[in-house]
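Peer 1: Handing you this structure, nothing more for now.
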Amino acid sequence: MTSGEVGEAGRADTGGGPTDRKGPGPRVSRLEPLPPSRLGPEARRLYDAITQGPRAAGPQHFALTDEDGGLNGPFNAFLLSPGLGAALQGVGAALRYEGTLSARSREIAILTVAAAWDSAFELEAHEAVGRAVGLREDEIDALRAGTVPDLTDRHEAACARLARAMTRGDVSDALWQEDAELVGAPTVFEISTIVGYYSTLALQMRVFRVG
């Protein structure tokens with residue numbers, strides 16, 4: 001195994017300590033891209049699961065890899081610990097492709113998290129997905145501003161309010177009676193998983209200075 005390769009344990013020599021952002025100027029990543037040539041077997045299996053799985057099968061609303069094959073957004077950091085990274089990417093794929101929420105409600109919840117964390121990558125990527133599944137520009141603008149859009153569909157509106165409450169830490173008894181009982185406990189579970197998963201990614205991208 002060569003220096004800087006991500007091995008079977010998933011550890012990588014990232015070529016020095018992290019670079020802090022100091023003052024105004026471009027945001028400098030603390031984690032360099034990990035191209036396929038540097039990956040050990042376990043990390044390569046995870047890389048292939050991301051780049052050849054369902055995320056790569058349909059229309060591409062954001063690029064999964066850079067020009068050298070390194071993973072964009074949160075996925076690059078997954079390769080640092082392939083076991084944990086595989087578990088995370090499995091949760092993300094399940095939410096995206098096996099959940100019961102409508103595509104619009106799912107993207108409303110994701111964009112609610114992205115705005116709460118001010119996550120540039122999540123906002124850019126999922127605004128593109130949101131447009132593709134039918135979100136209007138005024139709805140996207142409201143979500144980016146951290147507010148609940150003017151939604152005529154009661155189920156969508158309830159999901160949006162629940163997601164916003166969860167990004168603030170809890171669902172009040174009043175909101176539970178109004179919205180959780182409307183959408184049902186399984187949907188509340190799914191929304192809470194979306195909020196937890198995308199909050200995790202937003203935190204990781206903030207720590208590693210991604211996007």
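Any read-out appearing in this document is the output of simple, stated calculations on the displayed coordinates, not a laboratory observation. What you see is a predicted model, and the numbers here were worked out from it, not measured in a lab. Cβ coordinates were reconstructed from backbone atoms using ideal geometry, including for glycine residues, and neighbour counts include every protein chain displayed.
Peer 1: May I ask for the angle, rounded to the nearest 10°, between helix 185-207 and the longest principal axis of the chain, with both axes built from Cα atoms and the value confined to 0 to 90°?
Peer 2: That helix lies at roughly 40 degrees to the long axis.
Peer 1: Something else about it: Could you give the length gained on full extension between SER172 and ALA93, defined as 0.36 nm per residue of separation minus the Cα-Cα distance, in nm?
Peer 2: On the way: separation 79, 0.36 × 79 = 28.44 nm, distance 2.93 nm.
Using 0.36 nm per residue and subtracting the Cα-Cα distance, I get 25.5 nm.
Peer 1: Looking at LEU135, ILE191, CYS159, which one has the Cα that reaches farthest to the positive end of the dipole of segment 132-191 (charges on Cβ: Lys, Arg +1; Asp, Glu -1)?
Peer 2: Sorting the options by dipole projection puts first ILE191.
Peer 1: Under the classification rounded if a/c is under 1.5, otherwise prolate if a/b is larger than b/c and oblate if not, where does segment 79-195 fall, given a ≥ b ≥ c as square roots of the Cα gyration tensor eigenvalues? Don't skip to the answer; put the middle values down first.
Peer 2: Working: a/c = 1.66, a/b = 1.24, b/c = 1.34.
The shape class here is oblate.
Peer 1: Among ALA93, ALA63, SER81, which residue has its Cα positioned farthest towards the positive end of the charge dipole of segment 36-97, with +1 placed on the Cβ of Lys and Arg, -1 on the Cβ of Asp and Glu, and the dipole taken about the Cα centre?
Peer 2: After comparing all options, I get ALA93.
Peer 1: Output the 0 to 90 degree angle, nearest 10, between the alpha-carbon long axis of helix 120-132 and the longest principal axis computed from the alpha carbons of the chain.
Peer 2: 60 degrees
Peer 1: Right, here's the next one. Taking the Cα-to-Cβ direction at HIS61 and at GLU137 and moving 7 Å from each Cα, how far apart do the two end points lie in nm?
Peer 2: 1.8 nm
Peer 1: For segment 50-118, give the magnitude of the charge dipole about the Cα centre (Cβ charges: +1 Lys/Arg, -1 Asp/Glu; no others), in debye to the nearest 20. Mind dumping the intermediate values first?
Peer 2: On the way: 4 positive and 6 negative charges, 66 e Å.
Dipole size: approximately 320 debye.
Peer 1: Rank LEU31, GLN177, ALA120 by how far each Cα sits towards the positive end of the charge dipole of the chain (+1 on Lys, Arg Cβ; -1 on Asp, Glu Cβ) and give me just the farthest.
Peer 2: Going by the Cα projections, it comes out as LEU31.
Peer 1: Okay, helix-only estimate at 222 nm for the chain: each DSSP H run of n ≥ 4 adds -39500 (n - 2.57), divide by all residues, round to 500 deg cm²/dmol; what do you get?
Peer 2: -16000 deg cm²/dmol
Peer 1: Which angle between 0 and 90 degrees, to the nearest 10, do you get for helix 154-167 versus the longest principal axis of the chain when only C-alpha atoms count?
Peer 2: Long axis of 154-167 versus the principal axis of the chain: about 50 degrees.
Peer 1: In debye to the nearest 20, how big a dipole does the chain give about its Cα centre with +1 on each Lys and Arg Cβ and -1 on each Asp and Glu Cβ? Let's see the in-between values first.
Peer 2: Working: 21 positive and 29 negative charges, 102 e Å.
Roughly 500 debye, rounded to the nearest 20.
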